[in-house]
1. Tabulate in residue order the Karplus-calculated ³J(HN,Hα) for region 9-16, using 6.51 cos²θ - 1.76 cosθ + 1.60 with θ = phi - 60°, rounded to whole Hz; enter x for Gly and Pro.
2. How would HIS51, HIS6 line up from fewest to most surrounding beta-carbon atoms within 10 angstrom?
3. In the Gaussian network model of the chain, springs joining C-alpha atoms below 10 Å, which of CYS48, CYS16, CYS27 carries the largest mean-square fluctuation?
4. How about region 1-72: which GluC sites (Glu not before Pro) there are in a DSSP loop, with at most 15 other Cβ atoms within 10 Å of their Cβ?
5. Could I get the Rg over Rh figure for region 5-84? Both from C-alpha atoms, Rh via Kirkwood, rounded to two places.
6. By how many nm would the segment from GLU17 to GLU38 grow when fully extended, if each residue of separation counts as 0.36 nm and the alpha-carbon distance is taken off?
7. Within a Cβ distance under 11 Å of PRO75, other residues only, what is the Lys/Arg minus Asp/Glu net charge?
8. What chymotrypsin sites (Phe, Trp or Tyr not before Pro) does the chain have in DSSP loop regions with at most 13 other beta carbons within 10 Å?
Amino acid sequence: MRLVEHDGVKIGVFNCEGSLLAIEDRCSHDNGPLAEGEFDPAACTVECPRHGSLFDLRTGRPKTLPAFTPVQTFPIAIEDDTITLEVE
Ligand code: FES
């Protein structure tokens, strides 16, 4: 995982066995530092370090409680050696 920041928004970029995925580093439950949680590259999930909700990195949706709303995801483009995130 690599943490990047744009306009004060922290974003975690994950490598799920070759697929790069980006999600907001802020849990939808209680603003926990989501991207810093335990990452499972095979399942493509991250576990919030604060209360343990498991999030699907492909969709941003929580798979377990207590979080129940998705976090923001960001499209990624790769051109040559440059990785670009699309942030609104
Ligand atoms: S802050 Fe992430 S599960 Fe509560």
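1. Computed from phi, the couplings for region 9-16 are 9, 8, 10, x, 10, 10, 10, 8 Hz.
2. On the way: HIS51 14, HIS6 10.
Fewest-to-most ranking of HIS51, HIS6: HIS6, HIS51.
3. Sorting by GNM fluctuation, first place goes to CYS16.
4. Numbers: sites: GLU5, GLU17, GLU24, GLU36, GLU38, GLU47; in loops: GLU17.
Within region 1-72, the qualifying GluC sites (Glu not before Pro) (loop, at most 15 other Cβ atoms within 10 Å) are GLU17.
5. Working: Rg = 12.1 Å, Rh = 12.5 Å.
Taking Rh as the inverse mean 1/r over Cα pairs, Rg/Rh reads 0.97.
6. Working: separation 21, 0.36 × 21 = 7.56 nm, distance 1.53 nm.
Roughly 6.0 nm would be gained on extension.
7. On the way: positive: none; negative: GLU86, GLU88.
Here the count lands on -2.
8. On the way: sites: PHE14, PHE39, PHE55, PHE68; in loops: PHE68.
The qualifying sites are PHE68.
Read-outs throughout are calculated quantities, based only on the coordinates presented, and are distinct from any laboratory measurement. Keep in mind it's a predicted model, so treat the numbers as computed, not measured. Cβ coordinates were reconstructed from backbone atoms using ideal geometry, including for glycine residues, and neighbour counts include every protein chain displayed.
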